[in-house]
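The values are calculated or read from the model by the stated rules, or taken from the named source; none is laboratory data. Note that this is a predicted model, so its numbers are computed, not measured. In this analysis, Cβ positions are derived from the backbone assuming ideal geometry, glycine residues included, and neighbour counts consider all displayed protein chains.
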């Protein structure tokens with residue numbers, strides 16, 4: 001069972017570079033989410049998509065864009081990476097049930 | 001706004017010790033409460049949940065009781081194992097706010113043999 005799949009697992013970028021994090025789920029869930037995880041701060045919601053074709057800002061959207069390409073896929077883009085965006089990024093999905101999480105993308109910005 | 005506060009870690013215990021990880025919350029509505037566990041290098045997995053006051057969630061020997069009067073959802077386990085070493089997150093979902101979760105900061109548990 002694949003569940004929620006994130007790619008890549010690791011990435012190192014230079015300040016100012018762009019990058020798209022990919023997320024796909026095979027559970028036919030309507031809702032998908034992007035979080036970032038920083039030490040001592042738990043998970044903070046960046047963007048979410050309640051259904052195909054809709055996206056909304058979460059708690060910390062600045063510096064990010066998202067695309068809900070279809071029901072399965074929800075990508076997160078950093079147009080001009082900054083060191084403050086060094087973090088672990090998690091994608092999640094659900095539909096009337098607790099969220100299912102991917103294994104994360106560890107992103108370092110130098 | 002809604003918020004979740006967890007005890008800071010790390011919590012270090014010997015195998016077979018009793019575990020308590022405190023969690024308190026503030027919410028404008030009537031939340032559902034969750035504990036998630038994150039093992040090293042993995043994403044979060046739902047451990048247990050409770051959807052209304054006085055409910056007790058339980059799984060894998062862990063328990064937590066939804067206490068509305070103290071706005072708490074403390075996680076307990078009677079006898080921890082080395083394999084329980086992980087980061088534990090308390091979270092809430094306000095039932096009129098769709099499916100979005102608010103997380104606490106996480107508590108790292110280390111169990112020594």
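Kindly evaluate residue B:41 against the criterion of being assigned to a loop (DSSP other than H, G, I, E, B) and out of contact with any helix residue (DSSP H, G or I) (no Cβ under 6 Å at 6 or more places or on another chain).
Taking the combined requirement at face value, the residue satisfies it.
Tell me which of these residue B:53 doesn't satisfy, since it passes every other one: (1) under 13 Å from the mean Cα position of the chain (by Cα); (2) modelled with pLDDT under 95; (3) over 30 Å from residue A:87 (Cα atoms).
(1)
So which residues in the range A:76-100 are within 10 Å of the chain's Cα centre (by Cα) and closer than 21 Å to residue B:45 by Cα?
A:88, A:89, A:90, A:91, A:92
Results for (1) exposed (fewer than 14 other Cβ atoms within 10 Å of the Cβ); (2) over 15 Å from residue A:107 (Cα atoms); (3) without any contact (Cβ under 8 Å) to a residue 12 or more places away in the chain; (4) more than 15 Å from the chain's Cα centre (by Cα), shown as yes or no for each residue.
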| site | (1), (2), (3), (4) |
| --- | --- |
| A:2 | yes, yes, no, yes |
| A:12 | yes, no, no, yes |
| A:16 | yes, no, no, yes |
| A:34 | no, no, no, no |
| A:49 | no, yes, no, no |
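Which ones in the range A:20-50 are more than 17 Å from residue B:43 (Cβ to Cβ), away from chain B (no Cβ under 12 Å) and part of a strand (DSSP E or B)?
A:20
If a residue must be surrounded by 13 or more Cβ atoms within 10 Å (Cβ to Cβ) and either farther than 21 Å from residue B:68 by Cα or within 7 Å of chain A (Cβ to nearest Cβ) (or both), how many such residues does the range B:33-54 contain?
The number of residues fulfilling the criteria is 10.
For residues that are part of a loop (DSSP other than H, G, I, E, B) and either touching a residue at least 60 places away in the same chain (Cβ under 8 Å) or closer than 20 Å to residue B:101 by Cα (or both), tally how many sit in the range A:51-73.
Of the residues in the range A:51-73, 10 are part of a loop (DSSP other than H, G, I, E, B) and either touching a residue at least 60 places away in the same chain (Cβ under 8 Å) or closer than 20 Å to residue B:101 by Cα (or both).
Restricting to the range A:52-86, name every residue that is farther than 30 Å from residue B:50 by Cα and within 14 Å of another protein chain (Cβ to nearest Cβ).
Result: no residue meets the conditions.
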